[in-house]
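Notes to accompany the following structure.
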Amino acid sequence: MNDTSDDTFPVGIWTVPEIGYYGYTKEKAIEEGYDVEVGEATYQNCLRGRVFAPEGLIKLVFEKQSGAVIGCHIIGDDACELIHYGMALVKKRVPIFNLCNEVFTAVTFHELFKEAALDGDAKLDFGAAWQGIFNALSDGVDVTSMPTSQELRQIFDGIDHSHTNHLTVDDLSQMFNELGSNVSRKYIEKLIRVADLDGSGGIDFEEFETIINGLTSRMRSGDAYSLHRNSLSHHLEANRGVPK
């Protein structure tokens with residue numbers, strides 16, 4: 001966020017139930033060029049809500065590639081207080097992947113932010129389970145331009161030393177070393193567990209293509225982040241938290 005957004009504030013409406021919001025709605029974000037998804041959680045998704053206030057909803061609007069939260073909308077008990085945490089998520093562009101691994105105090109409404117993040121993560125092709133892998137693989141790897149299928153096939157065949165049409169831990173380790181990234185066997189093994197959709201124990205060509213496509217999109221998202229950062233700041237300044 002730019003400094004120009006520091007004086008924006010969340011909106012709280014003291015109705016029954018309370019309403020709080022800050023940042024983009026999904027519709028406004030799409031209108032301004034963001035590729036977004038929404039994670040939702042009802043108040044019944046946390047123990048405090050189930051016991052004391054089951055009627056309520058929280059929504060997190062976030063960018064698909066980076067996971068950055070760019071909007072928060074709450075209706076239910078304590079919404080006017082909870083929205084200040086939502087505002088912090090938007091201003092700091094916190095990824096939902098971070099929230100998926102966050103630990104909140106038990107029996108609090110703040111647990112709903114994690115539940116909404118988990119809901120959003122489940123809607124992504126490359127969710128939280130992929131992010132740690134991409135963080136490790138993107139260190140030193142320059143694949144911002146997606147190779148063609150023919151080029152990928154040549155790479156795949158070149159490192160498939162056993163000629164089984166499945167890549168092993170050793171095969172993938174060698175591949176990423178050649179790409180310029182010294183990735184540990186732990187991350188390679190984790191990658192295989194996540195990407196091995198058919199349970200073969202290795203990575204076939206289609207799964208390999210999915211990995212490279214996801215890594216390429218992840219690295220491209222850095223440019224998208226820079227492009228939209230000023231847009232988000234301008235939106236918050238112009239609308240001062242009011243969704244369109």
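The values are calculated or read from the model by the stated rules, or taken from the named source; none is laboratory data. Because the structure is a prediction, the values reported are computed rather than measured. Methodologically, a virtual Cβ is constructed for each residue, glycine included, from the backbone with ideal geometry; neighbour enumeration extends over all protein chains shown. All accessible areas refer to the heavy atoms of the entire protein, side chains included, with ligands and DNA or RNA removed. Shrake-Rupley method; radii C 1.70, N 1.55, O 1.52, S 1.80 Å.
One table, with the values for the structure above:
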| item | result |
| --- | --- |
| Those residues of the range 34-69 whose amide nitrogen sits under 16 Å from the label point placed on T108, 7 Å along Cα→Cβ | 46-49 |
| Efficiency of FRET between Q44 and D125 - r from beta-carbon atoms, R0 30 angstrom, step 0.05 | 0.60 |
| Protein-only accessible surface order, largest first, of R193, R48 at 1.4 Å | R193, R48 |
| Sulfur and carbon atoms: percent of accessible area, the range 1-138 [1.4 Å] | 51 |
| Cα-centred dipole magnitude for the range 14-162, charges only on beta-carbon of K, R (+1) and D, E (-1), debye, nearest 20 | 300 |
| Built amide H within the under 5 Å cut-off of A68, gap 5+ | E63, I96 |
| Cα-projected label distance for E189 with W14, points at 7 Å along beta-carbon direction, nm | 5.7 |
